[in-house]
Amino acid sequence: MSGTCLIYDEIFLGHDTGAHPESGERVRHSYEVLSKAPFAAALGRLDPARASREDLLLVHEERYLDLLDGLPQGEYAALDPDTMLGPGSLKAARSAAGAAVTAVEAVTGGGCRSVFCMVRPPGHHALAGRAMGFCIFNNIAVGAAYALERAGHERVAIIDFDVHHGNGTQDAFYSDERALFVSLHQYPFYPGTGAAGETGSGKGVGKTVNIPLPAGSSEDVYLEAFAGTVAPAVEDHRPSLILVSAGFDAHRADPIGGMRLESGSYGKLTRMIVELADRLCDGRVVSVLEGGYNLDALAESISAHVAALATSKPVA
């Protein structure tokens, strides 16, 4: 058994986006840098399953899956103004969502204490019935729904620190009292959601916690928000699993975001998540890559994130 495991596969390079910020070079370069880290040899390795139709239907509408399956194979198409689909895109997207399922199974069954899924395309903007913002399937939502519906978890918490609000994830669980969704994000900013007043509906009221932050926010702002709002919300929810939408585009060098985090800031945020997981859910953390578009900043931030995950004690 391993403490921290990594999911990465070259199938994610098959999602060909051309001259686009969300390119395969993001994960290729990050994997190369991570592989040279002193702790890399101790990471367990897992292969991503390809999400089944039944897995995807936990979050997505059948008509949307039918639309994707009905597109001409081997051709390029624009699913929305920002989201491309090419010959290898659906395989990559199903494997990205499947990686979250694989990771949930691994931490639930004890094979790993925590898992980082270095996947693409990202997922947290994808809605039930359409692609959005570089995202085809909502990977983190599929993993969380799988945990609740099939892996025996009664409550999960999702923490999203991507610079953009995870509107698709919020929508997926907005009325579900079993899933706490907490997001720290630049606001106002794309996609326009994530105001503090968006707190859930029905039985899910209070289970959506948005922390909109102004452009230019630094590490101190994030750490204060985490200690003052994120941690108490997670403590109160008492999940048996924490999932992380790990976007690294709040880095000061990112060409899309407007925040001022450093690579090491992600290690500090992750350490706080690990401490919560150690207290509440036997260290179980599933982290899934979202954004981050400066190649060196992304690679350095991922390494800091995984290093902090790996400080957890291995499974006995």
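The values are calculated or read from the model by the stated rules, or taken from the named source; none is laboratory data. No experiment lies behind these values; they were computed from the predicted model shown. All Cβ positions, even for glycine, are placed from backbone atoms using ideal geometry, and neighbour counts span all protein chains on display.
Here are some notes:
- Boolean, ILE242 is in a strand (DSSP E or B), in contact with a helix residue (DSSP H, G or I) (Cβ under 8 Å, 6 or more places away or on another chain) and in contact (Cβ under 8 Å) with a residue 60 or more places away in the chain: yes
- Residues that are basic (Lys, Arg) and surrounded by fewer than 15 Cβ atoms within 10 Å (Cβ to Cβ) were ranked within the stretch 45-83; the one that is farthest from VAL104 (Cα to Cα) is ARG63.
- THR229, sole failed condition from (1) outside any loop (DSSP other than H, G, I, E, B); (2) surrounded by 24 or more Cβ atoms within 10 Å (Cβ to Cβ): (2)
- Hits in the stretch 27-69 - residues which are touching a helix residue (DSSP H, G or I) at 6+ places or on another chain (Cβ under 8 Å), closer than 17 Å to LEU289 by Cβ and not hydrophobic (A, V, I, L, M, F, W, C): ARG28, HIS29, SER30, GLU32, ASP47, PRO48
- Of all residues in the stretch 99-116, those that are over 13 Å from the mean Cα position of the chain (by Cα) and either modelled with pLDDT of 95 or more or at positive phi (or both) total 10.
- Residue selected from the stretch 281-300 under the condition of a type outside the set (Val, Ile, Thr) and in contact with a helix residue (DSSP H, G or I) (Cβ under 6 Å, 6 or more places away or on another chain), by the criterion surrounded by the most Cβ atoms within 10 Å (Cβ to Cβ): GLY292
- Just so you know, in the stretch 38-97 the residues that are of a type in the set (D, E, K, R) and touching a residue at least 60 places away in the same chain (Cβ under 8 Å) include one that is farthest from ARG113 (Cα to Cα), and it is ARG63.
- All of (1) under 17 Å from the mean Cα position of the chain (by Cα); (2) assigned to a helix (DSSP H, G or I); (3) among the β-branched types (Val, Ile, Thr) hold for VAL288 with one exception: (2).
- Residue within the stretch 71-78 that is at pLDDT 95 or above and not β-branched (Val, Ile, Thr) present: no
- Among residues of the stretch 154-165 that are closer than 13 Å to ALA277 by Cα and crowded, with 24+ Cβ neighbours inside 10 Å, none has a Cβ under 9 angstrom from a residue that is modelled with pLDDT under 95 and not polar (S, T, N, Q) at a sequence gap of 6+ or on a separate chain.
- For ASN139, the conditions (1) farther than 22 Å from CYS281 by Cβ; (2) touching a Cys at 6+ places or on another chain (Cβ under 8 Å); (3) not acidic (Asp, Glu) are fulfilled apart from (1).
- Among the residues of the stretch 252-265, those identified as touching a residue at least 60 places away in the same chain (Cβ under 8 Å) and either of a type in the set (Ser, Thr, Tyr) or buried (at least 20 other Cβ atoms within 10 Å of the Cβ) (or both) are ASP254, GLY257, MET259.
- The helices (runs of 4 or more DSSP H) found wholly in the stretch 31-127 and carrying at least 1 residues that are closer than 25 Å to CYS5 by Cα occupy 53-56, 89-109.
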